[in-house]
Amino acid sequence: QPVAQINEQNVEPLQIGGDWNYVTTSTQGCWLLTDSEGIEHNFVAHMKDGGWSPQPGLSGSYSVEVSKSTGACSTWSGIVILQTLDETETVPQISNPVEPTIAKSTPVDEIVELAPATVTVVATTSLSIIGLLYLGNTEWIRIPALQVGIGLVGMVRRNGEHDGEYQRGRIMGYLAANPGVHFRALLGALSMSNGQLTHHLKHLEGDERIWRRKDGRLVRFYPATIQSNLGVDELPIPLLTPDPNSLQGKILRLLDATENDIVNLSQKELAIRLKASQQLISHHLRTLEKFGLVEREKVGMRYRYQLTREAIFLVNSNEYDISTE
């Protein structure tokens, strides 16, 4: 009923941008939009999306009408959102640790530091040689020592087999977190040689712990926990390598195509060109931003988006080939 009364008034819409915060009073909670001047406005309703509500860390620009707040929230002036102009979540910035400065050592200091270690190595080596000569000339000690040495060689060989299981465990762990990753991405992520990775993948396929599927020029790998009879649309795709034909892939392509424009595209302009809702575009932009593929800059009342260097490399690589159908 209050919203219906607001629509009957001829009030010129306002444009307000800021951050959302939740305040708790003695009787109820209030969502407040704090603008650039520090003025707080209480959220009353959203005319376009009745299911929409503010979230912690959310910020944006909106076309609003002034309304009357109720209850304990009447301390602040109320606003009714007529249209969402731009909206995004704040991504926390992680600062790089400052490395402590280390004083340069002089040649004299290095000699003093190395002297005890050098004396220890010489003394230990001399005692070891004397001990080996004694053991080599004592038959009742030499034979048991030889048996122990043969046992140690066998243990080293078994450790080689355990190392293979360790590397295959790394592959399984990465595929569980990134199902559908292709061969070259595995190669770079696990820092293995081409032959080493090929060997372990064949071993895992022989044990039926993983399976592969060809995707154009790529070969994607999946853990056995994912059924191999699923359709292409039902298979998961790693977030760091979005499908070029998905909405995320089309966003990257569109931002790359308009890179030389005077003004970068906003969330609303992306939604219009890709024929998708602003809420859906906002969701995918947040995902791409969290993984370092897009970055935003506020120009006026709107945020403008552009590709990062990592995204430009991904979009222009030979493997990132979008369908022209």
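Does segment 165-234 come out rounded, prolate or oblate by the C-alpha gyration tensor, with a ≥ b ≥ c the root eigenvalues, rounded set by a/c under 1.5 and, if not, prolate when a/b is larger than b/c and oblate if not?
Because a/c hits 1.5 or more and a/b exceeds b/c, segment 165-234 counts as prolate.
Past 26 Å, Cα to Cα: identify those pairs from Lys214/Lys250; Lys250/Lys290; Lys202/Lys290; Lys250/Lys298; Lys214/Lys268; Lys48/Lys298, in the order given. Provide the component values of the computation, followed by the final result.
On the way: Lys214/Lys250 22 Å; Lys250/Lys290 17 Å; Lys202/Lys290 34 Å; Lys250/Lys298 22 Å; Lys214/Lys268 36 Å; Lys48/Lys298 24 Å.
Long pairs (Cα-Cα over 26 Å): Lys202/Lys290; Lys214/Lys268.
Determine the gain in length on full extension of the stretch Asp233-Leu254; use 0.36 nm per residue of separation and subtract their C-alpha separation, reporting nm with one decimal. Don't skip to the end; give the middle numbers.
Details: separation 21, 0.36 × 21 = 7.56 nm, distance 2.23 nm.
The Asp233-Leu254 span can extend by a further 5.3 nm.
With a point put 7 Å past each Cα toward its Cβ, work out how far Val122 is from Asp261 in nm, to one decimal.
So the two model labels end up 7.5 nm from each other.
Sort the following peptides by mean Cβ neighbour count (other Cβ atoms within 10 Å, averaged over residues), highest first: 195-208, 35-48. It would help to have the intermediate numbers written out before the result.
Working: 195-208: 14.1, 35-48: 15.6.
Ranking the peptides 195-208, 35-48 by packing returns 35-48, 195-208.
Please label the shape of segment 189-230 as rounded, prolate or oblate, based on the square roots a ≥ b ≥ c of the eigenvalues of the alpha-carbon gyration tensor (a/c under 1.5 means rounded; beyond that, a/b larger than b/c means prolate, else oblate). Working shown, then result.
Numbers: a/c = 2.16, a/b = 1.34, b/c = 1.61.
Here segment 189-230 falls in the oblate category.
With a point put 7 Å past each Cα toward its Cβ, work out how far His283 is from Phe183 in nm, to one decimal.
3.5
Cβ neighbours within 10 Å, averaged per peptide: list 54-60, 113-119 in order, most packed at the top. Write out the running numbers ahead of the final one.
Numbers: 54-60: 16.1, 113-119: 9.7.
Result, highest mean Cβ count within 10 Å first: 54-60, 113-119.
Send over the Kirkwood Rh of segment 247-315, from the inverse of the averaged 1/r over different Cα pairs, rounded to one decimal Å. Walk me through the numbers on the way to the answer.
Details: mean 1/r = 0.0844 Å⁻¹.
One over the average 1/r among Cα pairs gives 11.8 Å for segment 247-315.
Work out, step by step, the length gained on full extension between Thr24 and Arg213: first 0.36 nm times the residue separation, then minus their alpha carbon distance; give nm to one decimal. Could the numbers behind the result be given before it?
On the way: separation 189, 0.36 × 189 = 68.04 nm, distance 5.30 nm.
Value of the extension gain: 62.7 nm.
Read-outs: derived from the displayed coordinates by stated rules, not from any lab. This structure is a prediction, so every number in the text was calculated from the model and none was measured. Heads up, the Cβs are rebuilt from the backbone with ideal geometry, glycines too, and the neighbour counts pull from every protein chain shown.
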